[in-house]
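Asker: Here it is: the structure, laid out below.
Read-outs throughout are calculated quantities, based only on the coordinates presented, and are distinct from any laboratory measurement. As the structure is a computational prediction, the values presented were derived from the model and not from experiment. Using ideal geometry, Cβ is built from the backbone for each residue, glycine included, and neighbour counts are taken over all protein chains shown.
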Amino acid sequence: MSNPRRLISVAPNGARKLRTDHPALPLSPEDIAADAAACVAEGAGLLHLHVRDAEGRHSLSAAAYKAAIKAVRAQTGNSLIIQITTESAGLFDRSAQIAVVECVRPEACSVALRELSPNGSQEEVATYRQFLADCRRENVWVQHILYDAHDVRRFSDLRADGVYGDELPFILLVVGRYRDGAQSDTLELRAMLDALDQSPDAKPVWAACAFGQGETNLLSEAASIGGHVRVGFENNCLMADGSLAESNASRVGEVTTALRSLGLSPMSADSARTAFKLRR
């Protein structure tokens, strides 16, 4: 095995969940920071960060992001790559999504292809291309979120057109959907990977996230074939045995244990910065 390390990302809250979904869902900067520190201890190397407004709604406030990043850094130092989301969640348009990255200038961000370029028009693609070029110039590590095989094929076409530049892109394959009772299927993961393999370009750095009680098994499958993984309450609050997870750290710990059983180990943030040539 060429590289036995896998980057474990934790997505502790997401855009939609509330304390009614899990009483330990971290929403404030202080709670997110404490949760992040506990997840580092269990093997997480990247924090996928969402913030909320005063009413608990999903937010793309630059000020809220800066406050949360400051709180996390105070608790964890540089032991996490902090990735801010640009997710729309039906509340924000592309200009707001781009603007928050320009204002915060985070170490990393995530962008959904179908949100930043939903129709693939010339104007959309030109704006998307410029945004990604600006991220490269500012040393913001972008993760491209893909939701199905169609997204994967669009990503490959845009990559062939040079939209992602010369560097090896980082993608997240979302296996399943954000809905009550969602479960993820390894067949869906394989379909997305098959679509990726049809591209003549070198396979990008990829990770997977999943939903429901089978999350740990699917992430183990992904890791066993070269993928990195994302875990956390944004997608799933259950342990592999179906019981409610005590915390995000419990979910990270279970996935770390599963990876170790495969002869794999968690990749630290600093190791990831070196491996993926991050320049911050």
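Asker: Between Ala275 and Arg16, what's the calculated FRET efficiency when r is the beta-carbon distance and R0 is 45 Å? Round to 0.05.
Answerer: For R0 = 45 Å, the calculated efficiency reads 0.90.
Asker: Mind checking the full-extension length gain between Asp201 and Arg153? Use 0.36 nm per residue of separation minus the Cα-Cα distance, one decimal, nm.
Answerer: 16.1 nm
Asker: Ok, one more. Using mean Cβ contacts within 10 Å as the protection proxy, how do 125-132, 252-259, 239-246 order, highest first?
Answerer: 252-259, 125-132, 239-246
Asker: Starting from 0.36 nm per residue, how many nanometres of slack lie between Asp161 and Asp93 once their C-alpha separation is accounted for?
Answerer: Residue separation times 0.36 nm, minus the Cα-Cα distance, leaves 22.0 nm.
Asker: Set Lys and Arg Cβ to +1 and Asp and Glu Cβ to -1, take the dipole of the chain about its Cα centre, and tell me which of Gln130, Ser95, Gly242 lies farthest positive.
Answerer: Most positive-ward Cα: Gln130.
Asker: May I pose another question? Can you compute the FRET efficiency between Arg57 and Arg177 using 1/(1 + (r/R0)^6), with r the Cβ-Cβ distance and R0 = 25 Å? Round to the nearest 0.05.
Answerer: Calculated value: 0.75.
Asker: Which of Leu7, Gly212, Leu172 sits farthest toward the positive end of the charge dipole of the chain, with +1 on the Cβ of Lys and Arg and -1 on the Cβ of Asp and Glu?
Answerer: Final value for the positive-end residue is Leu7.
Asker: While we're here: Ranking request for peptides 86-95, 66-75, 36-45: highest mean number of other beta-carbon atoms within 10 Å first, then the rest in descending order.
Answerer: So the peptides 86-95, 66-75, 36-45, ranked by packing, come out 36-45, 66-75, 86-95.
Asker: Hey, another quick one. Rounded to the nearest 20 Debye, what is the dipole magnitude of the range 5-272 about its Cα centre when Lys and Arg each give +1 and Asp and Glu each give -1 at the C-beta?
Answerer: Roughly 320 debye for the range 5-272.
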